[in-house]
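Everything below concerns the one structure shown next.
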Amino acid sequence: MMKTGTSSAALAAFLLMSSSASAEIPGWCQYALSDAPKSSPKFESYAVAVTHVKRAPRVQLRSAQARLYRTQLRDAAKLGAQTGPNFAGHYRLASWGCGTGCLSWGVVDLKTGRVAFDAKMSSLQNARIDFGREKEDGDYAGTRRAFYEFGVLLYRPDSSLLMTLGQPNEDENRDGMAFYHWNGRTFRPIAFTPATKLCKKPKD
C-alpha cells in the first residue's frame, strides 16, 4: 500500500475512532476495499502520463472553501513539487480530517495551481468500513500500485480513475463503493455498488 504523507499517529487515531463508532451500532454491517466487485473499473483503463513539476505552483484560492483549507492545499502543492503528483498525471490530491470517521479532500493542479472540490462528495464518512481487514485491503491497493487513504479513497498517479468508499456528505443513501473519471474539471460517475450489496455482518 502506498503511503499518503499523513502522519501515522493521525491515521491511528482516525481508525480507532472510526472502528469504535461503527462497533457501537447494533446490527451494523461493514464492508472493505477488498470487497470490490471483480467487474469494477480498472485504473489501467484510464491511464495518463505522469508529469513532474520543478516548483510548486501558486495555489489559486478563488473560493471560500479553498481559502479555508489554504494550508492543506499549499502543503499538497509543495509536496507535489518535491515528490511528484499522486493523482491523474499532474495533480495532487489533498485530504484532511473533518471529525470522527470523516475525511474532506480536494485536488490541486500542480501545473497551474488551480483547486477543485466536488460538492457532491466534499467529505466521506467511513462508518461502515471494516478496518479489521487491513491486510486484505493493503494487498488490494498494493497490487494496483494505488494510494489507499483513511478507508475512503483509492487513486494512482498515472490514472484519472478515482475510487471512493463510504458515505458522501454523510448521506447514508449513497453509502457504498463508487468510481469516477476525472476529466480535468469534474468527476464523472462511472460505477457504483451500494453498501447493502457489499455489507457483511461484523463478527461478535
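The values are calculated or read from the model by the stated rules, or taken from the named source; none is laboratory data. Source: prediction; values computed, not measured. Here Cβ is always computed from backbone atoms with ideal geometry, including for glycine, and neighbour counts include all displayed protein chains.
Details
Conditions tested, residue by residue: (1) among the polar types (S, T, N, Q); (2) assigned to a helix (DSSP H, G or I); (3) modelled with pLDDT of 95 or more.
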position	(1), (2), (3)
GLY80	no, yes, yes
GLY113	no, no, yes
LEU124	no, no, yes
GLU134	no, yes, no
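- Just one of the listed residues (LYS197, LYS120) is within 25 Å of SER63 (Cα to Cα), part of a helix (DSSP H, G or I) and either among the basic types (Lys, Arg) or in contact (Cβ under 8 Å) with a residue 40 or more places away in the chain (or both), namely LYS120.
- Every residue from the stretch 90-111 that is part of a loop (DSSP other than H, G, I, E, B) and either crowded, with 21+ Cβ neighbours inside 10 Å or hydroxyl-bearing (Ser, Thr, Tyr) (or both): HIS90, THR100, GLY101, LEU110
- Among the conditions (1) within 30 Å of LYS197 (Cβ to Cβ); (2) over 13 Å from the mean Cα position of the chain (by Cα); (3) buried (at least 22 other Cβ atoms within 10 Å of the Cβ), the only one that GLY80 does not satisfy is (1).
- Test for SER45: is it farther than 27 Å from GLY97 by Cα and not in a loop (DSSP other than H, G, I, E, B): yes
- Search result, residues across the stretch 169-194 that are free of Cβ contacts under 8 Å to residues at least 60 places away in the same chain, part of a strand (DSSP E or B) and surrounded by fewer than 20 Cβ atoms within 10 Å (Cβ to Cβ): ARG188, PRO189, PHE192, PRO194
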